[in-house]
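Contents: one structure, followed by commentary.
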Amino acid sequence: METFFFQLLNYFFFVFHTALILFNLFGWLFPKTKKLHLISLLITLFSWGVMGIWKGFGYCFLTDWHYRVLRKLGERDMPSSYISFLTEKFTGWLPDAALAEILTLTLTLLVLLCAIWVNFFVKKT
């Protein structure tokens, strides 16, 4: 029964976290979601930067929780980056940790600029 519960949590985190990453990348494109997107992005950056002071820069509480579940299910040697984890799950290729971190940070900062632009500088139509 416990294994079943952890499998459910695993599927939940896999779907929710992946959807959240996609939302953080593209939510700024849609007028109805642009404010929620900015809030989501700021929470993500808070986790990475502020919580990262104690846990290490780039700390993501969702990754931490999901990895705890995966360890309960017997997974070992998972990459530190959730983006690397997803890339390996979807493609079979495990990217270099530094590459994944640089691309993740670069895209997130670019998306943040887009979110600020659409939330504060684009006139409502």
ask   = In nm², what is the average projected area of the convex hull enclosing the Cα atoms of the chain?
value = 8.8 nm²
message = Just to be sure I follow the rule: in the chain, considering lysines 8 or more places apart or on different chains, how many pairs have Cα atoms under 22 Å apart?
response = 8
note = Helix-only [θ] at 222 nm, the chain, -39500 (n - 2.57) per DSSP H run of 4+, per residue, nearest 500, equals -23000 deg cm²/dmol
ask   = Each residue of segment 31-44 in order: what ³J(HN,Hα) in whole Hz does its phi give by Karplus 6.51 cos²θ - 1.76 cosθ + 1.60, θ = phi - 60°, with x for Gly and Pro?
value = x, 6, 10, 5, 6, 4, 4, 4, 4, 4, 5, 5, 5, 4
query = Working from the pairwise distances between different alpha carbons, so that the mean of 1/r is found and then inverted, what is segment 82-125's Kirkwood radius in Å?
reply = 12.2 Å
J(HN,Hα) series, segment 16-22, from Karplus relation 6.51 cos²θ - 1.76 cosθ + 1.60, nearest Hz, glycine and proline x = 5, 5, 5, 5, 5, 4, 5
query = If you place +1 on the Cβ of every Lys and Arg and -1 on the Cβ of every Asp and Glu, how big does the dipole about the Cα centre of the chain come out, in debye to the nearest 20?
reply = 620 debye
query = Taking the Cα-to-Cβ direction at L42 and at L94 and moving 7 Å from each Cα, how far apart do the two end points lie in nm?
reply = 3.8 nm
key: Dipole-positive endmost among L38, F5, L25 within segment 2-120 (Cβ charges, Cα centre)   = L38
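Throughout, read-outs are computed from the coordinates displayed, never taken from laboratory work. Everything numeric here is computed off the predicted structure, so don't read it as measured data. When we count neighbours, we look across all protein chains shown, and the Cβ atoms used for this are built from the backbone with ideal geometry, even at glycine.
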